[in-house]
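Structure record follows, encoded as structure tokens.
The values are calculated or read from the model by the stated rules, or taken from the named source; none is laboratory data. Predicted model only: the values in this text are computed from it and were never measured. Just so you know, the surface numbers come from the protein's heavy atoms only, side chains and all, with ligands and any DNA or RNA stripped out. Shrake-Rupley method; radii C 1.70, N 1.55, O 1.52, S 1.80 Å.
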Amino acid sequence: MPISQAKKLTLFVVIGAAFGLFCIILGAREENHVLMGAGALALLGGLALTSMAMARRRTRR
């Protein structure tokens, strides 16, 4: 069964946001500011894409 493009994108965004959260936690434990910054960027990107998708879905209905 083929997976739609929207589901692939959703999966990619969720995995990216989870990776960002993991980087933030790992960076905080190791006191690595670069890792925390990279995690914050990944998490913010995931949240931004999620909010844009939710807004787009709301306007279509």
Residue-level accessible surface for MET36, protein heavy atoms, 1.4 Å, Å²: 60 Å²
The chain, relative contact order [Cα under 8 Å, separation at least 6], %: 32 percent
HN-Hα J in Hz across region 41-49 - Karplus 6.51, -1.76, 1.60, θ = phi - 60°, x for Gly and Pro: 5, 5, 5, 5, x, x, 5, 5, 5
